[in-house]
Structure formats: structure tokens, C-alpha cells
Amino acid sequence: MAAVQYHHGKFPPEELNYETLLPLIGPAHTAIGTYSGLLNAIPNTRVLLSPLSTQEAVLSSKIEGTQTTMSEVLEFEAVEEAASESRRDDFQEVLNYRRAMIHAVQLMNDIPLSQRLLRGAHEVLMQGARGQNKAPGQYRKQPNWIGLQGQPVELARFVPPDAQQIPELMSSWERYLHSQTPDALIQLAVLHAEFESIHPFYDGNGRLGRLLVPLLLVDKKILNSPDFYISAYLEAHCDEYYDRLLAVSRDDDWTGWCAFFLKALHAQAKDNCSKAKSILTLYEMKKHEIMEQTRSKYALLATDWFFNYPVFKSSAFIHKAGIPESTATRILREVRDHGLLQEVHPAGGRKSAVLVFSDLLNIAEGRHSP
């Protein structure tokens with residue numbers, strides 16, 4: 001079967017079947033609106049939802065073949081020990097995803113969501129990881145294709161546009177980004193599919209395209225912060241995800257793609273809301289427990305540290321949490337003795353103990369809620 005070629009001249013779609021899409025648009029907006037209201041009520045989303053951001057990075061990278069877990073990534077980050085080259089690359093890709101999101105959000109304080117911002121995020125995404133020699137932050141200058149590794153273009157599943165067409169196509173993408181459309185979520189679906197179809201970079205297109213989703217929700221003022229995590233649904237429905245993207249170019253089936261994407265937004269808004277509620281409940285519960293157990297004025301500071309760094313070295317907490325060292329040592333001993341934290345690697349020689357906040361990781365990874 002011949003490879004599917006990019007859909008020249010068919011972006012943006014001239015018409016969509018709104019009879020199919022309308023029953024999906026309302027529920028998606030409602031679910032995202034409910035989640036947005038919850039986000040606005042959370043006092044410090046950067047701290048409380050930090051594990052969800054890492055889990056999103058893990059799942060987005062998993063779609064591309066990276067094999068690791070959130071716990072492994074956080075332990076690698078905390079311990080700062082050497083890993084095998086393949087494992088190090090896996091960890092680095094996940095951490096870079098998180099850093100690229102932070103960088104993009106910082107850029108959005110000064111410049112609008114644009115090609116320039118995407119190139120800046122892509123540069124961070126590729127730093128020190130697989131693909132770092134593939135022109136980070138620069139559009140590709142050569143053809144590429146999507147298929148099994150090592151297969152020639154004749155056996156490819158999809159062939160993106162020629163490299164020399166990318167600047168013009170991305171300019172068209174940016175114009176559509178800033179245009180007025182009947183519905184912002186449909187616009188978001190179309191933008192994601194078009195970016196993935198253009199495949200403007202040598203590597204990292206899938207991860208950057210998914211990173212775009214929360215940025216676009218902020219850009220369209222649907223959310224106030226980019227705390228939206230869509231990769232769990234896309235990873236669970238990976239085959240359909242790629243099939244629907246392929247059908248855009250093969251069959252001009254923008255409606256089928258938009259329907260799939262609206263279902264993803266709806267499902268993930270509900271899941272994100274459930275996890276955020278569970279984390280907020282856990283935070284309130286552990287905050288009071290730590291206050292009662294430690295009787296310290298630094299209890300709240302310690303609680304925030306545990307939520308922001310659910311896997312950490314004891315020395316990092318003692319020296320970096322902003323708590324006097326003797327008090328930090330006592331707090332750590334007491335919360336560990338009461339079972340709030342678990343020791344995964346005991347102290348030995350010059351090595352500090354490594355502790356994990358399992359209840360929080362379980363929520364982020366979808367294992368159970370408090």
C-alpha cells in the first residue's frame with residue numbers, strides 16, 4: 001500500500017460535519033470548565049500538580065516509545081546518579097518535556113503563542129537527549145517519513161510535506177491559530193492535527209504537538225494555567241490516535257479526527273479533575289497530620305516540599321527546604337516514623353537516604369485515591 005501523502009491545499013478544512021460534532025462540543029466545554037474552576041480554587045497549582053506534570057511528560061514520551069515510569073524519572077532526578085545510556089536518554093526525554101513546558105509558559109509572558117515560541121520550546125525539548133543533533137529549534141531541511149525504523153520511504157505509512165514548504169505551511173498554521181473560528185476546541189483539534197501532519201522538525205514533533213494542547217487552551221483563555229494533561233487518553237487509544245491523524249490526509253476526514261479529539265478532551269478533563277481533587281484532599285489531610293505530629297511552625301513548608309518533590313534525598317530536604325537544619329532533620333524523622341514517607345534507599349556511607357511520598361505518586365499514576 002502506497003504511503004499517505006500530506007494533504008496539500010486542505011488546511012484549514014473547508015467544512016466540518018457539525019451534526020456529528022455538536023453533541024461532543026458541549027460536554028467537552030462543560031468538563032473543561034469544571035476543571036478550570038477547580039484549578040482556580042487550588043492555592044498553588046505549581047506545587048500540588050507537579051506530579052501530574054511529570055506523569056504527563058512520561059505518558060507523552062511513552063507514545064513515542066520511551067519506556068520509563070514517573071517514579072523512576074523522579075528517583076533519577078533526585079539521586080543524580082549515573083544510568084545506562086539508554087535509560088539516561090529515556091529519563092532525559094521526560095525531564096526535557098517538563099522543562100520545555102516551563103520554558104514555553106515563561107515565553108508566553110512576553111510573546112504570543114507562535115512559531116517563534118514553538119522553536120524555543122523545541123530547543124529545550126531536544127537538549128542533551130536523543131535527537132539533540134537534529135537541529136534543535138530549527139525546522140528540518142530534509143525530507144522525513146513516518147514508518148517502521150529503517151524502512152525506506154516507499155514503505156512509509158505517512159510522508160509529510162517537503163522541507164522547503166515548511167515555512168509557508170507553518171505561517172499558514174500560525175495565521176489560523178490567531179483567527180476567529182466558530183469553536184475554540186475544534187480549532188485546537190485542527191491545529192494539533194495540522195502540526196503533526198506538517199512534522200516540521202526532524203524529531204520531537206509528537207511530544208511538542210501534545211505539549212501544545214495546554215498552551216493552546218491558555219492562549220484561547222479556556223484555562224488560566226497550562227495544567228491540562230491529555231496524554232493518558234492518547235496513550236490508551238494510541239492506535240486510534242494515529243489512525244485518525246492519518247485519515248485527515250488520506251480521506252480528508254477532519255470531522256472524524258475532531259470527534260476523536262473532543263472525546264479525548266472530555267475524558268481527560270474529567271480524569272484531571274478527579275486526580276486534582278484527590279491531590280487536594282490528600283494535601284489537606286497530610287498538612288494537618290504533619291502539623292499535629294511535628295508541632296512545628298515549618299510544617300506547612302515541609303508539606304509543600306513533599307508535594308513538590310515526591311521522591312527526594314534526605315540531604316536535599318535538610319539543606320534546601322528553607323527550614324533550619326536541626327528542625328528539618330527532626331521533621332523528616334517524625335514523618336518517616338509515622339509512615340507518611342517511605343524509605344526506598346537507606347542512608348549509607350556518604351549517601352543520603354532516598355524517600356518517596358507513595359500516596360501522592362499513586363494518585364498521579366492512577367493507582368488509587370485517598
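The values are calculated or read from the model by the stated rules, or taken from the named source; none is laboratory data. This one's a predicted model, so the numbers in the text were calculated from it and none came from an experiment. No Cβ is skipped: glycine too gets one built from the backbone with ideal geometry, and neighbour counts run over all protein chains shown.
Tabulated values for the structure
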item	result
Residue identified as farther than 22 Å from SER53 by Cα and assigned by TED's automatic domain parsing to the domain that holds VAL248 among ALA129, ALA135	ALA135
From VAL79, VAL58, residue being surrounded by fewer than 19 Cβ atoms within 10 Å (Cβ to Cβ) and closer than 30 Å to LYS277 by Cα	VAL79
Qualifying residue in segment 240-248 (condition: modelled with pLDDT of 95 or more and farther than 26 Å from GLU93 by Cβ)	yes
Residue in segment 134-147 that is surrounded by 16 or more Cβ atoms within 10 Å (Cβ to Cβ) and either on the phi > 0 side of the Ramachandran plot or part of a helix (DSSP H, G or I) (or both) present	yes
Residue in segment 244-262 that is of a type in the set (Ser, Thr, Tyr), touching a helix residue (DSSP H, G or I) at 6+ places or on another chain (Cβ under 9 Å) and crowded, with 17+ Cβ neighbours inside 10 Å present	yes
Those residues of segment 329-361 which are under 16 Å from TYR309 (Cβ atoms) and touching a His at 6+ places or on another chain (Cβ under 8 Å), in sequence order	ALA353, VAL354
Residue among SER278, SER274, SER326 that alone is closer than 19 Å to SER71 by Cα, of a type outside the set (A, V, I, L, M, F, W, C) and either without any contact (Cβ under 8 Å) to a residue 24 or more places away in the chain or part of a helix (DSSP H, G or I) (or both)	SER278
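Yes/no per residue for (1) part of a loop (DSSP other than H, G, I, E, B); (2) in contact with an Asp or Glu (Cβ under 7 Å, 6 or more places away or on another chain); (3) in contact (Cβ under 8 Å) with a residue 40 or more places away in the chain:
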{"site": "GLU334", "(1), (2), (3)": "no, no, yes"}
{"site": "LEU340", "(1), (2), (3)": "yes, yes, yes"}
{"site": "GLU343", "(1), (2), (3)": "no, no, no"}
{"site": "ASP359", "(1), (2), (3)": "no, no, yes"}
{"site": "ILE363", "(1), (2), (3)": "no, no, yes"}
{"site": "GLY366", "(1), (2), (3)": "yes, no, yes"}
